[in-house]
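Down below is the structure, laid out as structure tokens.
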Amino acid sequence: MWSIQWIAFKTIVGKEVTRFMRIWPQTLLPPLINQSLYFIIFGAFIGAQIQEMQGVPYMSFILPGLVMMGVINSSFANVVSSFFGSKFQHSIEEILVSPTSKEVVLAGYTFGGMLRGLLVGVLIFAVAFFFVEVQVMHPFFIVAFLFLTSTLFALAGFLNGLFARKFDDISVFQTFILTPLTYFGGVFYSIESLPPLFQTLSKFNPILYMVDGFRFGFFGFSDVNVWMSLAFLSTCCLGLGLLNWELLRRGYGLRV
């Protein structure tokens, strides 16, 4: 039985990887172009006016946030588009009538989204070497925050895919919630530079904990406790995973 589930998991993950690699001009190239523009405009042009943020050159300061933006958007977009596409084409029904367990379906789509997010993150790192000198102080936190963030947003994409009833629904969350939260999540600034009221409001933004913890891995400073950020992310991943599993087990949102 385990061998069947393992084959099913590999099949779903392989399908996801083949899909996003086959259409790489749509899945891998746009984040690289966008982040390169951010490096040039915010880093080189505007950053030259700011010079340093918390003792770090501004272009280096925004690097972790730009990598995290790519990971978040790519992990989320991969799962929500692929899973909803499977619902729309009714190919998900072929998986559901097979011996594949619900856990494997969830894990397969989630892992596929994580791989795309992590690959985009690595590619943005590669591009960053053309603009900044990259330093690493705590590699454990870099790996941990990359892994947890890609997991969390792959799971969020799956949840969006379950609730989506039409193609418009798969872009609503990303456009009206995820994008504003990302821009206000400390990608381009430290919350210490904000007035006290906005510092407090920023701490309700979950993206802040990902960007801030990831930045800690490079420079060794953070606006919030890095262990608290890790615990917060782990709890969110567990909660979202259980919610998706329960909805999938009940068959919620599997038809359009």
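Can you tell me which residue is farthest from L123 (Cα to Cα) among those in the range 10-28 that are open to solvent by 70 Å² or more (accessible area, probe 1.4 Å) and among the polar types (S, T, N, Q)? The residue in question is T11. Within the range 158-177, the set of residues being in a helix (DSSP H, G or I) and not aromatic (F, W, Y) comprises L159, N160, G161, L162, D169, I170, S171, V172, Q174, T175, I177.
The residue that is most open to solvent (accessible area, probe 1.4 Å), counting only those in the range 48-78 that are in contact with a Pro (Cβ under 9 Å, 6 or more places away or on another chain) and either of a type outside the set (A, V, I, L, M) or farther than 15 Å from V187 by Cβ (or both), is Q51.
Checking every residue in the range 29-47 against the condition of being assigned to a helix (DSSP H, G or I), open to solvent by less than 50 Å² (accessible area, probe 1.4 Å) and more than 19 Å from G70 (Cα to Cα) gives at least one match. Among the residues making up the range 168-182, a single one is more than 14 Å from the chain's Cα centre (by Cα) and among the aromatic types (F, W, Y): F176.
Suppose the filter is open to solvent by 10 Å² or more (accessible area, probe 1.4 Å), of a type in the set (A, V, I, L, M, F, W, C) and under 17 Å from Q35 (Cα atoms); does L96 pass it? Here the answer is no, as L96 does not meet what is asked. Listed conditions (1) touching a strand residue (DSSP E or B) at 6+ places or on another chain (Cβ under 9 Å); (2) open to solvent by less than 80 Å² (accessible area, probe 1.4 Å) are all met by T110, apart from (1).
Would you pick out the residues in the range 185-219 that are among the small types (G, A, S) and open to solvent by less than 10 Å² (accessible area, probe 1.4 Å)? Listed by number, the residues that qualify are G185, G186, S190, G213, G217. Being out of contact with any Pro (no Cβ under 9 Å at 6 or more places or on another chain), small (G, A, S) and farther than 30 Å from F216 by Cβ is a description that does not apply to S36. Filtered by the rule that a residue be assigned to a loop (DSSP other than H, G, I, E, B) and in contact (Cβ under 8 Å) with a residue 60 or more places away in the chain, the range 72-125 gives S98, P99, T100, S101.
The values are calculated or read from the model by the stated rules, or taken from the named source; none is laboratory data. For clarity, every value in this text was computed on a predicted model and none was experimentally measured. Reconstructed Cβ throughout: ideal geometry from the backbone, glycine too, with neighbour counts over all protein chains shown. The area values use the complete protein model at the heavy-atom level, side chains included, leaving out ligands, DNA and RNA. Shrake-Rupley method; radii C 1.70, N 1.55, O 1.52, S 1.80 Å.
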